[in-house]
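Asks: Provided herewith is a single structure, encoded as structure tokens, for subsequent inquiry.
The values are calculated or read from the model by the stated rules, or taken from the named source; none is laboratory data. Only a predicted model underlies this, so the values are computations on that prediction, with no experimental measurement involved. Every residue, glycine as well, gets a Cβ built from its backbone with ideal geometry; the counts of neighbours run over all protein chains shown. The accessibility values were calculated without ligands, DNA or RNA, using every heavy atom of the protein model including side chains. Shrake-Rupley method; radii C 1.70, N 1.55, O 1.52, S 1.80 Å.
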Amino acid sequence: ACFRRRGPAVVPDTIGPLGSGRCRADQGFAPFAGSNYPVFRNVKDYGAKGDGVTDDTAAINAAINAGNPCGRGCASTTMTPAVVYFPAGTYLISSSIIPAYFTQLIGDASSPPTLKATSNFAGFGLIDGNPYYTSTLNWKSVNVFFRQVRNFVIDTTNIPPATAATGIHWPTAQATSLQNIVFNMPATSDVVHVGLFMEEGSGGFLTDLTFNGGATGASMGNQQYTMRNLKFNNCKTAIIQIWNWGWTYHGLSINNCQVGIDMSAGGSSALNVGSVTLIDSSFTNVPVAVLTAWTTSSNPATAGSLVMENIALNNVPVAVQGPSGTMLAGTTGSTTIAAWGNGHSYTPSGPTQFAGSITANSRPAALLSNGRYYTRSKPQYETLSASSFLSARSAGAKGDGATDDTAALQSAINNAVSQGKVLFLDYGLYRVSSTIRIPPGAKIVGESFPVILSSGAFFNDVNNPQPVVQVGSSSGQAGQVELSDFIVSTQNVQAGAVCIEWNLASSGTPSGMWDVHVRIGGYTGSQQQVAQCPKTPGSSTVNSNCLTAFMGMHVTKGASGLYMENVWIWTADHDIDDAQNTQISLYSGRGLYIESQSGPLWLWGTAVEHFVLYQYQLANTGNIFMGQIQTETPYFQPTPNALVPYSVVSSLNDPDFSASCAGVSGNCADAWALRVIGSHDVLVYGAGLYSFFDNYSTDCSTFSAGETCQQRIASIEGSASNVNVYNLNTIGARSMLNRDGAQVAYYADNVNTFASNVAVYKSG
């Protein structure tokens, strides 16, 4: 059952693809990387010892750099994917490990390896995810996509405590993740080590991290992030928030730290932290849980917005400390903060400035597990033997971006399910000419984001849309699936392609999508790049060759029990494989459409960007959790606007801008970022809804310009019960939120650092 690897050595191990001992197919195929390009690399094949004595730095970086991937001076790429695997062991390093673009660093999931710094370590991070070769980052942080680091122990304890040291440097953007990592740092009084540092980017998601010791567990600045299940033990300060627009924390466990979360950066006169949403977390033996610089007169007016819900305190004398003293007292015993915050509220009218207790959201039981919102980390199948996996390429699929792999891939999926195996989707571009159907019972895991790529006439009828990947054969089919680490996409003109159609109704354990993304255009093999679809500022003419998808993802009426984590549904705004990351104009109709009649659905760390009609649309649904959603409006709008090229389909509850924009001034017919119709129990814990451009110009997206990129950006329509948003952040839109066509919140009433912010909105 062991697939033979091609290369200089065989790894004669016997457990799952990246588990304790790895016996797996080494046959991922990168069709545009050149001959003999190694997708998979085991660091021991490149000379790493992992014995805790030998300096393994050069060997590890040699494994990363094999095949000349996208490193220094390279803007970005999708052509050189890599999985760099670390078997169990202790890898001594004297300078930074620098992962290339589109490279995954993955340790043995059942026995995570240790990266241990030498005492004379030199570098900015044991893992430096984006190095400063010059005065600027090597990769533009907001364009660093599709990378992971998981299953490691990061150890700085050999470095003298008073010498600056960083565990991981991680300025990144969407479709990136850190998972299952322990940071071990000295716990002495003079320590200055930092576990995780990020200074910019547009994230993002991370989970299952533990920080032991150090001056700061995590010091972070980024536009937005979702972070969950983070443990901090014996840090001086657990989290320093350098700056942000919006941030959602869930499941923090902060223990024996002097300060839990320091969000006071910039001080009261120039707050740098936009907003923090903190839920389902605990502080134990922490003198100050949250340190803020917010006051009733701090500047900007809504900066430093904080919303907390279901926070357990154990020996925490001060829950929230402001510049003038205690804002919320804690206890030397134990208590739970039901809900508390500060900022601007609309309940449902406003704005009202507040600082104090608020009414906690009414949480549907279907969304909860042991009183907290349900979570589940991405399965890694580390306990399964190699015989429990079936390789797509071994089953006959080519993944070369040209061969029609429909039959071979479908057969592989069906055979894996019938045999009770996990389908291992070796890296490749799997071109399909008709729908790939994923039945109940399927478990599919990809290698460094392989692509299922629709192509041909079957997907090009805008009046008869067809799913590229269909989960469940009909809406409401019962069963459960697990999908992780792959991409669904389209090739050339695909005006009728629905990238993912989710029909499955999962009771009991929900079905899951982890790191499964929709990526439309902007990469080699898509035939939707600069050469085919250049941007055309000032022209309202739609290039008919650039109708790239009908819809990103559709959760149908009978679907239920879906858990989505770190899912990015993206129509490309630029060409990732172009040396200048040149912008392009692609026309995809609809983003994520949820019409599940009952739910529950969980959306942890999701983003939807650059669809013509809307990014998120929820219709006649309920029992939905959304944690730090993020959107961008297409850069070309309003030239052309959302009236073209896709006609209104009333059965899909499409927005009718020709009707709703009557009498509305400004750029009205631009895509909705979030539209909720006739729904109940929709609970949004952090939303970043951004419109940066007007016809490719960013002159519209500042307070001084009047936030004129578009007139409206979020809408609640029809009956709305328990539709609530914490920390709504908008950019470029004059109206932050509309209810049945009427403006609820105006940007200028809620000025934050770069966005406008409403800390609490409740529909009533």
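Asks: Just need a number here: residues in the range 394-413 that are open to solvent by 30 Å² or more (accessible area, probe 1.4 Å) and within 26 Å of Asn566 (Cα to Cα).
Replies: So the count comes out to 1.
Asks: Among the residues of the range 316-325, is there at least one that is open to solvent by 30 Å² or more (accessible area, probe 1.4 Å) and outside any loop (DSSP other than H, G, I, E, B)? Give the steps one after another, and end with the answer.
Replies: We begin by selecting, within the range 316-325, every residue open to solvent by 30 Å² or more (accessible area, probe 1.4 Å); these are 317, 321, 323-324.
Those left that are additionally outside any loop (DSSP other than H, G, I, E, B): 317, 321.
Taking every residue of the range 316-325 in turn, at least one turns out to be open to solvent by 30 Å² or more (accessible area, probe 1.4 Å) and outside any loop (DSSP other than H, G, I, E, B).
Asks: Check Ala671, Ala705, Ala662 and return the single one that is aliphatic (A, V, I, L, M) and buried (at least 17 other Cβ atoms within 10 Å of the Cβ).
Replies: After applying the criteria, what remains is Ala671.
Asks: OK, next. Residue under question is Ala497, and the condition is that it be open to solvent by 10 Å² or more (accessible area, probe 1.4 Å), out of contact with any His (no Cβ under 9 Å at 6 or more places or on another chain) and either assigned by the TED database to the domain that holds Ile452 or closer than 21 Å to Asn581 by Cβ (or both); does it hold?
Replies: So Ala497 does not fit the description; no.
Asks: Has the range 464-482 got any residue that is assigned to a loop (DSSP other than H, G, I, E, B), closer than 24 Å to Phe102 by Cα and of a type in the set (D, E, K, R)? Let's see the steps before the verdict.
Replies: Filtering the range 464-482 down to residues assigned to a loop (DSSP other than H, G, I, E, B) leaves 464-465, 472-477, 479-481.
Then drop every residue that is not closer than 24 Å to Phe102 by Cα, which leaves none.
Within the range 464-482, none of the residues are assigned to a loop (DSSP other than H, G, I, E, B), closer than 24 Å to Phe102 by Cα and of a type in the set (D, E, K, R).
Asks: Anything in the range 731-764 that is more than 18 Å from Gly343 (Cβ to Cβ) and in a strand (DSSP E or B)? List them, or say none.
Replies: Ala733, Arg734, Ser735, Asn738, Arg739, Ala742, Gln743
Asks: Taking the criterion of being farther than 16 Å from His554 by Cβ and either touching a strand residue (DSSP E or B) at 6+ places or on another chain (Cβ under 7 Å) or open to solvent by less than 10 Å² (accessible area, probe 1.4 Å) (or both), would at least one residue in the range 465-477 satisfy it?
Replies: Applying the first criterion (farther than 16 Å from His554 by Cβ) to the range 465-477 yields none.
No.
Asks: Can you go through Phe211, Phe205 and tell me which one is under 15 Å from the mean Cα position of the chain (by Cα), on the phi < 0 side of the Ramachandran plot and open to solvent by less than 10 Å² (accessible area, probe 1.4 Å)?
Replies: Being under 15 Å from the mean Cα position of the chain (by Cα), on the phi < 0 side of the Ramachandran plot and open to solvent by less than 10 Å² (accessible area, probe 1.4 Å) holds for just one of Phe211, Phe205, which is Phe205.
Asks: Test each condition in (1) in contact with a Phe, Trp or Tyr (Cβ under 6 Å, 6 or more places away or on another chain); (2) over 15 Å from Trp602 (Cα atoms); (3) of a type outside the set (A, V, I, L, M, F, W, C); (4) not in a loop (DSSP other than H, G, I, E, B) for Pro537 and report the one that comes out false.
Replies: (4)
Asks: If I filter the range 152-192 down to residues being of a type in the set (Gly, Ala, Ser) and either at pLDDT below 95 or part of a strand (DSSP E or B) (or both), which single residue comes out as surrounded by the fewest Cβ atoms within 10 Å (Cβ to Cβ)?
Replies: Taking the range 152-192 first, the residues of a type in the set (Gly, Ala, Ser) are 162, 164-165, 167, 173, 175, 177, 187, 189.
Still in the running and either at pLDDT below 95 or part of a strand (DSSP E or B) (or both): 167, 177.
Values: Gly167: 30, Ser177: 23.
It comes out as Ser177.
Asks: Hey, could you check the range 54-99 for residues that are surrounded by fewer than 22 Cβ atoms within 10 Å (Cβ to Cβ) and aliphatic (A, V, I, L, M) and say which is nearest to Ile576 (Cα to Cα)?
Replies: Ala75
Asks: Still on this model: Can you report the number of residues in the range 419-442 which are open to solvent by 10 Å² or more (accessible area, probe 1.4 Å) and either assigned to a strand (DSSP E or B) or outside the structural domain of Gly512 (by the TED database) (or both)?
Replies: Residues flagged as open to solvent by 10 Å² or more (accessible area, probe 1.4 Å) and either assigned to a strand (DSSP E or B) or outside the structural domain of Gly512 (by the TED database) (or both) within the range 419-442 amount to 3.
Here is a yes/no grid of residues against (1) part of a loop (DSSP other than H, G, I, E, B); (2) of a type in the set (Phe, Trp, Tyr):
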residue: Gly214; (1), (2): yes, no
residue: Asn222; (1), (2): no, no
residue: Trp243; (1), (2): no, yes
residue: Gly266; (1), (2): yes, no
